[in-house]
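The values are calculated or read from the model by the stated rules, or taken from the named source; none is laboratory data. All values derive from a computational prediction rather than experimental measurement. All Cβ positions, glycine included, derive from the backbone under ideal geometry; neighbour counts span all protein chains shown.
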2 protein chains.
Amino acid sequence: MTNQIVINDVGPRDGLQNQPKTLSIEERVSLITALVEAGLPAIEVGAFVSPKAVPAMAGTDEVFAQLPKDKGVNYSALIPNARGFETGVKLNVPLMSLVVAASSTMNEKNIRMTTAQSMSMSSDVLGMAKELNRNVQAYVATAWECPFEGIVQQDEVLKVTDGLIKAGASHIVVADTIGAAAPDAVHSLMSKLAAEFGADKLSCHFHDTRAMGVANVYAAIEAGIRQFDASIGGLGGCPFAPGATGNVATEDIVLLIEQMGFETGINMSKLLEASDLATELTGTARGGHAKAWLKQQK
Amino acid sequence: MTNQIVINDVGPRDGLQNQPKTLSIEERVSLITALVEAGLPAIEVGAFVSPKAVPAMAGTDEVFAQLPKDKGVNYSALIPNARGFETGVKLNVPLMSLVVAASSTMNEKNIRMTTAQSMSMSSDVLGMAKELNRNVQAYVATAWECPFEGIVQQDEVLKVTDGLIKAGASHIVVADTIGAAAPDAVHSLMSKLAAEFGADKLSCHFHDTRAMGVANVYAAIEAGIRQFDASIGGLGGCPFAPGATGNVATEDIVLLIEQMGFETGINMSKLLEASDLATELTGTARGGHAKAWLKQQK
């Protein structure tokens, strides 16, 4: 078994998209560059979405053009549909991410599709990706709880995951979109998914709304998961819980993971500089809960 | 197996002792009263220590005299030695707590005794307690890591715990005094201690310095532990890591525990009022990481 855990920093997309200030292209590139310098192996750079609907992600193509090159970083972009996929292909984006919610009401409210329609659209994109030999992964959103339906049944998550893998998704990110999961539920679901599909096909994505972000990462590690999303400085919010804290902070989970004896390849001192930059640029990134202590260790 | 988890709020002692402001007797009683009203089953009220050495705990006898009566709360006091025990006996304190560190250097720096001397002094007090039929528990401090020695060996913790139980301690609180433990180490040690001495003899006490407080409570629950210390609003600090956050916040772990399907008997709405009061009185209690979200649920 490998001793590596891979962290994908989603601050530049999930983080920036869910906080009030719109950053310039230069500012977004500077944040990503700080993350590259800290040794992040994977970074979610932006989203190919309508700039009217999501002004914070406007100009993601320009951000991609200005990224540090040849650093071995797995840069990714969120794509809502086939049009986003085409943009990603044109720009030669190494990894693209689709999203399907495990909860039907979430799909309907978020993208005005039923789960079946969303699965069908995603399958089409995954089919095109296969033909063009492109790497597309899929997020299974609201995998534990939906803001509209409440608790999501594990069978629903298994079904959606199965469909996406069969359609060709290279990887599945199981997401606690609203930060509602407790670690026992994380351990239970991720153990089942790992047994069914293999832990190496899976990542987890947690928010810290209920202060369980770090505990959920631990529970998922115990279930065999070795890839995680996190957001520098805990950047981001949650559209369904105004005032709630954002994604689990990268610095907090790097500390956890390395203390547990795994390797991340991340330089903590430079990661804290990236965290400071996130706070400086947005005014809202709170910094990881362990940041005060981490800064004393430098 | 019981579905109850017992929380002992140590904010009025461990919390107030480790933050800069000295509260009046009335303020201390008001904080404890708010915790009683929130339904806390156990509260650490104060310490019978030298008022010169620890001004924040001066007048603990007066605080005891003014506590809400007949509420079924397990009130406790920290006692450093036989003299503290005698004070507790005089005041009819229902539960007294001794502290022995698992790390020898910690005992030497903290109380100028070797571990053997500290064990011998504690055994004497526990012997007196047996004779007088009084309830005395013991903290095993620095059970995972010592600020002077680094990682503490599990065998040391097992040895000290064994000695204290044999000497008559009614209960053992295993404490991560400096907030250095990671959840995998918590699970490992608490599983061994529970197998050796029984989970019902054991509590855990965590600080949130490295943002792992909630994860550590989860790991200990998974190891069978059903009693925890926590501090209202995350009140407190850590003398060995200035600027670090304090004990794990009561509101954060009540949320975790209840979402995992256990009962605490605590009223969250009133607990948040107590958390607000802790912040108002001290100016430093940060509030649990989940507090913003919890307040929206009211």
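Here B:Lys109 passes the criteria (1) free of Cβ contacts under 8 Å to residues at least 40 places away in the same chain; (2) on the phi > 0 side of the Ramachandran plot except the one numbered (2). Return the residues of region B:27-52 that are acidic (Asp, Glu) and either free of Cβ contacts under 8 Å to residues at least 40 places away in the same chain or closer than 16 Å to B:Lys69 by Cβ (or both); say none if nothing qualifies. Across region B:27-52, the qualifying residue is only B:Glu37.
Checking the conditions here, which among A:Ala223, A:Ala230 is at pLDDT 95 or above, farther than 18 Å from B:Ala219 by Cα and among the aliphatic types (A, V, I, L, M)? Write out each step before concluding.
Numbers: A:Ala223 fails: farther than 18 Å from B:Ala219 by Cα.
Just one listed residue meets the conditions, A:Ala230.
Only residues that are over 17 Å from A:Leu40 (Cβ atoms) and of a type in the set (D, E, K, R) were counted across region A:258-290, and they come to 2.
Of all residues in region B:58-84, those satisfying the criterion of being over 22 Å from B:Ala129 (Cβ atoms) and not small (Gly, Ala, Ser) are B:Glu62, B:Gln66, B:Pro68, B:Lys69, B:Asp70, B:Lys71.
Considering only residues that are aliphatic (A, V, I, L, M) and part of a loop (DSSP other than H, G, I, E, B), look in region B:95-113 and name the one that is surrounded by the most Cβ atoms within 10 Å (Cβ to Cβ).
Keep residues of region B:95-113 that are aliphatic (A, V, I, L, M), which gives B:95-96, B:98-102, B:106, B:111, B:113.
With the extra rule that they be part of a loop (DSSP other than H, G, I, E, B), the set shrinks to B:102, B:113.
Details: B:Ala102: 28, B:Met113: 18.
Taking the candidates together, the pick is B:Ala102.
Would region B:155-162 turn up any residue that is assigned to a helix (DSSP H, G or I), more than 14 Å from chain A (Cβ to nearest Cβ), touching a Gly at 6+ places or on another chain (Cβ under 9 Å) and among the hydrophobic types (A, V, I, L, M, F, W, C)? The answer is no; no qualifying residue exists. When restricted to residues that are free of Cβ contacts under 8 Å to residues at least 60 places away in the same chain, buried (at least 23 other Cβ atoms within 10 Å of the Cβ) and within 16 Å of the chain's Cα centre (by Cα), region A:191-207 contains 4. With respect to A:Glu251, is the statement that it is more than 18 Å from B:Gly234 (Cβ to Cβ), of a type in the set (D, E, K, R) and buried (at least 21 other Cβ atoms within 10 Å of the Cβ) true? Yes.
What residue, among those in region A:203-229 that are in a loop (DSSP other than H, G, I, E, B) and charged (D, E, K, R), is nearest to the other protein chains (Cβ to nearest Cβ)?
We begin by selecting, within region A:203-229, every residue in a loop (DSSP other than H, G, I, E, B); these are A:208-212, A:223-226.
The next check asks that each one be charged (D, E, K, R); those that pass are A:208, A:210, A:226.
Values: A:Asp208: 7, A:Arg210: 5, A:Arg226: 14 Å.
The qualifying residue nearest to the other protein chains (Cβ to nearest Cβ) is A:Arg210.
Would you confirm whether or not region B:122-140 contains a residue that is among the aliphatic types (A, V, I, L, M), without any contact (Cβ under 8 Å) to a residue 40 or more places away in the chain and assigned to a helix (DSSP H, G or I)? Spell out how you get there, then give the answer.
Taking region B:122-140 and keeping what is among the aliphatic types (A, V, I, L, M), we get B:125-126, B:128-129, B:132, B:136, B:138, B:140.
Filter once more, so that each one left must be without any contact (Cβ under 8 Å) to a residue 40 or more places away in the chain: none.
No; the residues of region B:122-140 include none that is among the aliphatic types (A, V, I, L, M), without any contact (Cβ under 8 Å) to a residue 40 or more places away in the chain and assigned to a helix (DSSP H, G or I).
Residue count for region A:254-298 satisfying the condition of being in a loop (DSSP other than H, G, I, E, B), surrounded by 19 or more Cβ atoms within 10 Å (Cβ to Cβ) and either facing chain B (nearest Cβ under 8 Å) or more than 21 Å from the chain's Cα centre (by Cα) (or both): 3. Of the set (1) β-branched (Val, Ile, Thr); (2) under 22 Å from A:Gly39 (Cα atoms); (3) within 14 Å of chain B (Cβ to nearest Cβ), all apply to A:Ile232 but (3). One residue stands out among those in region B:166-189 that are part of a loop (DSSP other than H, G, I, E, B) and within 14 Å of another protein chain (Cβ to nearest Cβ): the one that is modelled with the lowest pLDDT, which is B:Ile178.
Results for (1) hydrophobic (A, V, I, L, M, F, W, C); (2) surrounded by 16 or more Cβ atoms within 10 Å (Cβ to Cβ); (3) under 22 Å from A:Ala53 (Cα atoms), shown as yes or no for each residue.
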| site | (1), (2), (3) |
| --- | --- |
| A:Ala129 | yes, yes, no |
| A:Asn133 | no, no, no |
| A:Tyr139 | no, yes, yes |
| A:Lys159 | no, no, no |
| A:Lys166 | no, no, no |
